[in-house]
Structures are given as C-alpha cells and as structure tokens.
1. Which of the residues spanning the stretch A:133-147 are part of a helix (DSSP H, G or I), at the interface with chain B (Cβ under 9 Å from one of its Cβ atoms) and more than 20 Å from A:L69 (Cα to Cα)?
2. For the stretch A:120-141, give me each residue that is out of contact with any Pro (no Cβ under 9 Å at 6 or more places or on another chain), touching a residue at least 24 places away in the same chain (Cβ under 8 Å) and either over 11 Å from A:I61 (Cα atoms) or of a type in the set (S, T, N, Q) (or both).
3. Look through the stretch B:180-214, keep the residues that are modelled with pLDDT of 65 or more and aliphatic (A, V, I, L, M), and return whichever of them is farthest from A:D54 (Cα to Cα).
4. So the check is Cβ under 7 Å with 6+ separation or different chains; which pairs have a first residue in the stretch A:56-68 that's more than 10 Å from chain B (Cβ to nearest Cβ) and closer than 10 Å to A:V37 by Cβ and a second one that's small (G, A, S) and buried (at least 24 other Cβ atoms within 10 Å of the Cβ)?
5. Inside the stretch B:16-31, can you point out the residues that are within 7 Å of chain A (Cβ to nearest Cβ) and in a helix (DSSP H, G or I)?
6. How many residues does the stretch A:96-124 hold that are more than 8 Å from chain B (Cβ to nearest Cβ), assigned to a helix (DSSP H, G or I) and of a type in the set (S, T, N, Q)?
7. With the requirement that a residue be over 15 Å from B:P13 (Cα atoms) and among the charged types (D, E, K, R), what does the stretch A:7-35 give you?
8. Does A:A32 fit the bill of being of a type in the set (A, V, I, L, M, F, W, C) and in contact with a helix residue (DSSP H, G or I) (Cβ under 8 Å, 6 or more places away or on another chain)?
Amino acid sequence: MAGDLVITFEGAFEPLRRAAYRAAYRLLGDRATAEDVAAEALARAYARWSSVADHAQPWVIRVATNLALDVGRRRATASGRQVLLVEDAPVDQVERRLDLQAALRALPRRQREVVVLRFLGDLSEKATADALALDVGTVKSHAARGLSRLRDTVERV
Amino acid sequence: MISVLRDLDDPMPLADLGPAQRAAVVARGEHLRRRHRLQVIAVPVAVAAVVAAVAVALAADPGTARKDLPLPAAPSPSELVLGQEPTGPVGVGGCEDAAGDSVGEPDVDFFSLDRPSAPLFHYALVHGEMPSSGIVVFRIEAHSADGTRSREFVQRTVDGTVVEQYVRDPSTGARRDVPRDANPFGDPGDHGVGGAWFPPGSAGGLGDRWTWEASISVNGTMVDACTPTPAATP
C-alpha cells in the first residue's frame, strides 16, 4: 500500500510541482520563494495523498496560491511594497504582482477560487467546475465577474 | 487579462528536482503525515483524560460542581433523521466578513453555505494564520423562519487537523456524523480553507425561508461571526 502511494505520488510529482510553481511565481516573481512554495505544497499533498490524489492538481494550485499570498502578505507587513522592488524584475511587473495579490485577496471567495484555478492554474472551465463542484456555466459567470474586478487593478499598470 | 498573467511567467524553464531534493520533499511530507497521525491518536486520548478528570472531580466533591461543567458520561446522541431538503434560504448563500473585525486569530473573511447539488456545503476561508495549536470550531447555525427548528453544522479542528464534523438538531441532540473524507479541502490549517459536505436532507424541516449565521471559535471563545444579508450574496 505504502509503495503504491509513493509510486503514484512520484508519477505526479513534476507536473504538480510545475503547476504549483507557475501559480506561485505569477504572484511572487521570485524563483527561490516560488520553488519553496511549490515544494511545501507538494509535501502537504504527499502527507494526505490518499484523499488528495483524485483532485491533486487543483488542490496543489490552491495550496500554492494561498501559501504565496501568505508570503506576499508577510512581506508587505514586514517591509511594505518596497520589498519586491529590490529584486531583479521590471518595476511594472513587480507592481502588477502586488496589485494582483491585493486584488485576489479582495475578491469574493467563490470568484477567487475560480480565478485562481482558471487563470493562475490554467485549468480548463470543465476542470475548474469539477474541482469546485460547480456547473460550467457558474464557472464562466464567476470567472467573468472575477476578471472584470481584477482588470480594474491589474491592467491599469 | 490572461496574457497579462502569462507575462508574469518565469521566462526560464523550471528544471526537474534532483533525487536528493525530491527526497527532501517526501521527507517533509512524511513528517507532516506522522504529525497528523499523532494528532488523530492524541486528541481522543486527551479528551478521554479530561472527561475522566472531570468525573473524578465531580465524584470527589459533587457539592461544588458547577452547573455548566460537562457531564462525564453523556448518553450517545440519537442519529439525526434527514428530511426533505428545502429550497431556501432564498438568495443568500454567502457571508463576506469584514477583515480585521475578529477579536483574535484567525480572522474569517468568508463563510458560505452553498448547495450546488443536494448536499450542503459548509465553508470557511481564513484570512491570516490558523492557530498552530488549540481547538477551532467552525459552526453554522440554521433556523426555520419561525425560529422553532434549528440545525447546527459543525467542523471541529485540533491543531489544524479536522477531528470531527457533524450536523445536529440542538433541540433533541440528535446528530449525524460526516466522514472526514467528506472534507474536500483537507485540513484548514494547511491553506486557510475548510469545508465539508453534509448529507442531503441535513436542513430538512427548516422550511424554505430559513436563515443562518456562521461563527468561528478558538478554545471555546468565539472570535468571529458573520450573518449573511442579501447584499452579500456572491
């Protein structure tokens, strides 16, 4: 049983890690931290693999996103917006990431879940609907409303 | 918008982890799993110890026992009878809470009671850190329009791990336990999200104009609560 668990997790490891990394990097723009976030998300998935395995990708994306938002919040709390500006990234991208983090936190819960899976995780509408136990039409509706609210803050930069 | 997000992608390809780094991730996962197992064992033992201590104290000095102490050996509650699922509450599925209004950690920023299909869905998104230790209870109390019938939807976590979840009729004590496997989000301590499916008919008998309110308590103290209004409907 334990062997099967490890083999299954091992087989999914790199695709899940890439999905977690992509979501975290989009929010943080920091390779090292995004890799740490992805590794932590994978470790948490491993710890409860038997209940996570059948919806591992959305689960890992959500965990990575929440971890990344926590990192961003702690950074902002500790040092303000300047903390990311010292990193080797274009200023407009840094600002966009900070605005994206703030905008995601401000979204209503369901809209945020949909936006995270659809646009940070690049899941299809069907996969997002399955992950959240919603109809595809509901996903479209939440995605449209969520994007509309995000555009106001993210694309103005 | 999507192109804007893709502009934020790492232009460098992500290399696969080497065996040692991958082993480190697995080792961390094993550590987390062992911790969860210990909690699953330790919590019932701790509860039993507290109950035994209370029973001993009551037996030793029953005259000074306070009325509000828990009974040392409560009878097993009867199983809640599920009814016809009502169609309400009308237009109210979510409750956005004001950030920063909590009297302690954690601060909840959203509760919802959704029914995409038959089962009820109890959900809480935590803004801030979950307590690393202690008992956290997410609770939704639903009431019929005339206030005569109620249901409690409860999820209890210890040190971030869900230890029980159930729906209960407070007037009779009848309850129905929900398997922890019914929690679609894992443990709230992992990523600030918690939720549970409840069986169809859990809100049976409340009528179509029932209302609900949500709260979170930490170690017996309510730290945050939220009552939905039509304006808060997502």
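The values are calculated or read from the model by the stated rules, or taken from the named source; none is laboratory data. Note that the coordinates shown come from a computational prediction; the quantities given were computed from them, not determined experimentally. Using ideal geometry, Cβ is built from the backbone for each residue, glycine included, and neighbour counts are taken over all protein chains shown.
1. Of everything in the stretch A:133-147, those that are part of a helix (DSSP H, G or I), at the interface with chain B (Cβ under 9 Å from one of its Cβ atoms) and more than 20 Å from A:L69 (Cα to Cα) turn out to be A:T138, A:H142, A:R145.
2. A:V139
3. For the stretch B:180-214, the residue satisfying everything is B:L206.
4. A:A68/A:A23; A:A68/A:A24
5. Correct list: B:R22, B:V25, B:V26, B:R28, B:G29.
6. Total meeting the criteria: 1.
7. A:E10
8. Spelling it out, it is not the case that A:A32 is of a type in the set (A, V, I, L, M, F, W, C) and in contact with a helix residue (DSSP H, G or I) (Cβ under 8 Å, 6 or more places away or on another chain).
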